[in-house]
Each structure stands twice: as C-alpha cells, then as structure tokens.
Amino acid sequence: MISHPVLHKAAGGTGTYADPVTIAVGHSRKTGQDVLDIPPGTRIYLPDVRRYFIVEDTCGDGPTPEEGPCHTGAGKYGDATLWIDMWIGGKGESQSFVRKCARKATGVTTAIFNPEDHYPVASGHGVIHDGNCDAGYGNTVESR
C-alpha cells in the first residue's frame with residue numbers, strides 16, 4: 001500500500017514517463033494534516049538510474065515524521081536539499097544483491113522536477129530487474 005496513490009495502488013512502475021516508478025517523500029503532521037514535502041503526482045526524472053518517478057508515498061512515520069530523516073535528513077549530505085526514497089524493486093533477488101543496489105542508487109544525485117518526456121529510460125521493471133541493478137549512469141542529463 002502507498003499513502004497517496006496517483007497511478008499505482010502499490011509501489012511499482014517501469015520508469016517510463018507514462019508509467020513512472022513510485023517515490024516516497026518526507027511529510028509533516030504539524031498542522032494536524034498529512035502534508036507531503038512535494039505534492040502527490042509530481043514527476044521526477046533521476047538520470048543516475050534513468051527512470052521517471054512519481055510522488056505517491058511518504059517516508060517517515062509516527063506522530064512526528066517531520067522530525068525524522070525523510071523530512072530533515074537531506075542537509076546532512078552536503079549539497080542535498082531534499083530527501084526522496086525511490087522504490088527499486090528486487091522481488092526474487094537476494095537480500096545482499098538488493099542492499100548492494102540500494103547503496104549504489106543512494107546518495108546525492110541530480111533530480112529533474114516536472115520533466116519533459118524525452119529523457120532516456122533503461123529497460124526493465126523497476127531499478128532492480130532480471131538480475132540487474134540500473135544505477136550508476138551518472139548525473140549528466142541526456143535527451144533521447
């Protein structure tokens with residue numbers, strides 16, 4: 001289950017513009033309502049994994065998620081201004097492979113908000129698919 005479904009009922013997606021992968025963002029309950037750091041439905045392109053993403057979920061839980069790393073943790077990583085958690089897939093893969101891919105895909109990276117639909121997309125469902133980890137393409141933004 002995801003907290004703010006737009007295109008999916010559960011985390012997923014192929015990473016194309018038409019079927020972006022679910023991404024989770026920090027949120028706050030300070031006002032008594034659940035307010036995401038980025039509005040649900042916002043598309044984001046990450047060149048390092050060559051995938052489009054869509055904000056559909058929250059990271060951080062409990063009564064004060066705004067005090068957790070998903071809402072405030074980006075500042076610990078130098079030039080990072082925002083924390084986002086991408087769904088990477090990995091069903092059927094070993095835990096060690098999934099962890100290794102997650103480490104490779106994690107870090108400060110270029111993110112394009114509200115991107116056009118012409119950026120390259122790696123094939124496969126999710127960042128982890130068919131025994132592959134699609135991460136490490138770099139932060140250079142290329143067009144198809």
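Across region 38-67, the qualifying residues are those that are over 23 Å from D134 (Cβ atoms) and open to solvent by less than 50 Å² (accessible area, probe 1.4 Å), and the one among them that is modelled with the lowest pLDDT is P65. Looking across region 104-130, the residues that are in a loop (DSSP other than H, G, I, E, B), open to solvent by less than 80 Å² (accessible area, probe 1.4 Å), more than 13 Å from T14 (Cβ to Cβ) and out of contact with any Phe, Trp or Tyr (no Cβ under 8 Å at 6 or more places or on another chain) come down to T109, T110, H118, P120. The residue of region 13-37 that is modelled with the highest pLDDT, among those that are within 12 Å of the chain's Cα centre (by Cα) and at negative phi, is P20.
Among the residues of region 51-62, is there at least one that is among the β-branched types (V, I, T), more than 14 Å from the chain's Cα centre (by Cα) and not in a loop (DSSP other than H, G, I, E, B)?
no
Residues in region 121-135 that are modelled with pLDDT of 85 or more and under 17 Å from the mean Cα position of the chain (by Cα) were compared, and the one that is farthest from D48 (Cα to Cα) is I128.
The values are calculated or read from the model by the stated rules, or taken from the named source; none is laboratory data. Just so you know, these numbers come straight off a predicted model, no measurement behind them. With ideal geometry, Cβ positions are generated from the backbone for all residues, glycine too; neighbour counts draw on all protein chains shown. Surface areas here come from the heavy atoms of the whole protein model, side chains and all, with no ligands, DNA or RNA. Shrake-Rupley method; radii C 1.70, N 1.55, O 1.52, S 1.80 Å.
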